[in-house]
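Accompanying notes for the structure given below.
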Amino acid sequence: MSTTPELSMNVTATFSVHGDDEDHAYAVVAELIDQLNAVANLPECECDLDISVERTHAHAQDGG
């Protein structure tokens, strides 16, 4: 009996949005998620993909 090791993909990305271009940031994140799903579903990959997106405000990262 042959077993295939379980595959997983871990990707961490941090984006900093300056100005009022929040719509573009959402589009970039959506495209990244689409591409990750495409790779995870390739026949040679077939790995599980767990996605978590967290939105924070810039002032929260600056401590103010």
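The values are calculated or read from the model by the stated rules, or taken from the named source; none is laboratory data. Quantities reported herein were computed from a predicted structural model and do not represent experimental measurements. Methodologically, a virtual Cβ is constructed for each residue, glycine included, from the backbone with ideal geometry; neighbour enumeration extends over all protein chains shown.
Quick grid of which residues meet (1) surrounded by fewer than 10 Cβ atoms within 10 Å (Cβ to Cβ); (2) touching a Gly at 6+ places or on another chain (Cβ under 7 Å); (3) basic (Lys, Arg); (4) at pLDDT 80 or above:
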| site | (1), (2), (3), (4) |
| --- | --- |
| 22 | no, no, no, yes |
| 27 | no, no, no, yes |
| 41 | no, no, no, yes |
| 44 | yes, no, no, yes |
| 52 | yes, no, no, yes |
| 58 | no, no, no, no |
| 64 | yes, no, no, no |
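Could you tell me how many of the residues in segment 15-44 are charged (D, E, K, R) and within 16 Å of residue 56 (Cα to Cα)? Steps first, answer last, please.
Filtering segment 15-44 for residues charged (D, E, K, R) gives 20-23, 31, 34, 44.
Checking which are within 16 Å of residue 56 (Cα to Cα) leaves us with 20-23.
Going through segment 15-44 one residue at a time, the tally reaches 4.
If you go through segment 27-43 and pick out every residue that is among the β-branched types (Val, Ile, Thr) and over 20 Å from residue 16 (Cα atoms), you end up with 1.
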